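To start, the structure itself, in structure tokens.
The values are calculated or read from the model by the stated rules, or taken from the named source; none is laboratory data. Fair warning: this is a prediction, and the values are worked out from it, not measured in the lab. Neighbour counts run over all protein chains shown; Cβ positions are idealised from the backbone, glycine included.
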Amino acid sequence: MRVLLVGMPDERARLRAEIDQTSLTIAGEFATFSAARASQIEADAILIADQSVIKPLRLEQPLFDEPLTPRESEILELLAEGLSNKGIAGRLGISDQTVKFHVASICGKLGAANRTDAVRRALRRGLIAL
């Protein structure tokens, strides 16, 4: 499993020493969580080291796991088909702006940077199938 380490240098060193005893591979090290996320390095988890505890965070799971609404799931499936906002709006009988709002909400809930990333993350989490 590939992981990213986050924390102060001495805390990362302590964590690195513990990881050396496991099958984990360190893909990168960062001072902050946001820097690790922004790096876009492929990893399965982010390990945050602090003085008292090591907390693993799954990259594909948002910090606040809010489920998609039925309408968001429907729109996500249409995104996976490659439809544009206008195409989705026409298929569902709603406005382009409403679709845009739902796509933004979906991206936020899945922690996705864009609609393509949202579909990729949804596939990995089993929310949709192609």
Discussion item. I'd like the full set of residues that are of a type in the set (Ser, Thr, Tyr), surrounded by 15 or more Cβ atoms within 10 Å (Cβ to Cβ) and assigned to a loop (DSSP other than H, G, I, E, B), limited to region 94-130.
Written reply: none
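Determine, yes or no, whether residue 77 is touching a residue at least 40 places away in the same chain (Cβ under 8 Å) and either surrounded by 15 or more Cβ atoms within 10 Å (Cβ to Cβ) or in the same structural domain as residue 34 (by TED's automatic domain parsing) (or both).
Working: touching a residue at least 40 places away in the same chain (Cβ under 8 Å): yes; either surrounded by 15 or more Cβ atoms within 10 Å (Cβ to Cβ) or in the same structural domain as residue 34 (by TED's automatic domain parsing) (or both): yes.
It is true that residue 77 is touching a residue at least 40 places away in the same chain (Cβ under 8 Å) and either surrounded by 15 or more Cβ atoms within 10 Å (Cβ to Cβ) or in the same structural domain as residue 34 (by TED's automatic domain parsing) (or both).
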Fill in: Scope region 82-93; condition charged (D, E, K, R) and surrounded by 13 or more Cβ atoms within 10 Å (Cβ to Cβ); matching residues
91
Item to complete: Given the conditions (1) out of contact with any Asp or Glu (no Cβ under 9 Å at 6 or more places or on another chain); (2) at pLDDT below 80; (3) within 25 Å of residue 113 (Cα to Cα), report the number of the one that residue 21 does not fulfil.
Response: (3)
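Scan region 98-130 residue by residue and report those that are of a type in the set (S, T, N, Q) and within 17 Å of residue 69 (Cβ to Cβ). It would help to see each step written out before you state the result.
Looking only at region 98-130, we keep the residues that are of a type in the set (S, T, N, Q), and these are 98, 105, 114, 116.
Those that are of a type in the set (S, T, N, Q) and within 17 Å of residue 69 (Cβ to Cβ): 98, 105.
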